[in-house]
Amino acid sequence: MAPERSVPINTIEITEKAADKVRKFAADKGMEKFGLKVAVKGGGCSGLTYVLDIVEGAEEDDKVIVHHGVEVYVPKKAFVFLAGTVLDFSDGLNGKGFEFSNPNAAKTCGCGTSFSV
């Protein structure tokens with residue numbers, strides 16, 4: 001699990017390690033201009049599921065946040081569920097992938113990909 005940090009509730013944070021992985025995945029796809037779309041959708045065992053995608057640019061209603069040189073795009077309707085979240089990347093023994101530390105999540109599932117508020 002990612003370390004607990006205090007992130008202002010008007011933003012989300014992407015760690016340097018996560019930003020490096022996003023840049024690597026974008027380079028692997030041959031993308032020169034890119035950003036990370038972070039959203040939520042209904043589903044999963046806890047009610048809401050995180051959605052990550054490397055995209056070419058923000059949509060009109062996206063909030064744009066820049067950390068470690070990577071643009072993060074968050075749809076306005078998803079921002080209320082994600083404000084204050086830290087997105088990290090783990091490649092340790094307990095699994096590999098992006099991890100969310102979301103202060104808004106009242107309950108999470110065992111795999112860490114869904115939550116409820």
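The values are calculated or read from the model by the stated rules, or taken from the named source; none is laboratory data. Fair warning: this is a prediction, and the values are worked out from it, not measured in the lab. Note: ideal-geometry Cβ built from the backbone for every residue, glycine included; neighbour counts use all protein chains shown.
The number of residues in region 33-85 being in a strand (DSSP E or B) and polar (S, T, N, Q) comes to 1.
Of all residues in region 41-76, which are more than 25 Å from ALA27 (Cα to Cα) and in contact (Cβ under 8 Å) with a residue 12 or more places away in the chain?
Correct list: GLY43, GLY44, CYS45, SER46, GLY47, LEU48, THR49, ASP61, LYS76.
For (1) over 19 Å from ALA106 (Cβ atoms); (2) hydrophobic (A, V, I, L, M, F, W, C); (3) surrounded by 11 or more Cβ atoms within 10 Å (Cβ to Cβ); (4) modelled with pLDDT under 95, each residue gets a yes or a no:
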| site | (1), (2), (3), (4) |
| --- | --- |
| MET1 | no, yes, yes, yes |
| THR11 | yes, no, yes, yes |
| GLY43 | no, no, yes, yes |
| LYS76 | yes, no, yes, yes |
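Taken together, the residues in region 92-117 that are within 16 Å of the chain's Cα centre (by Cα), under 20 Å from VAL22 (Cα atoms) and modelled with pLDDT of 65 or more amount to 7.
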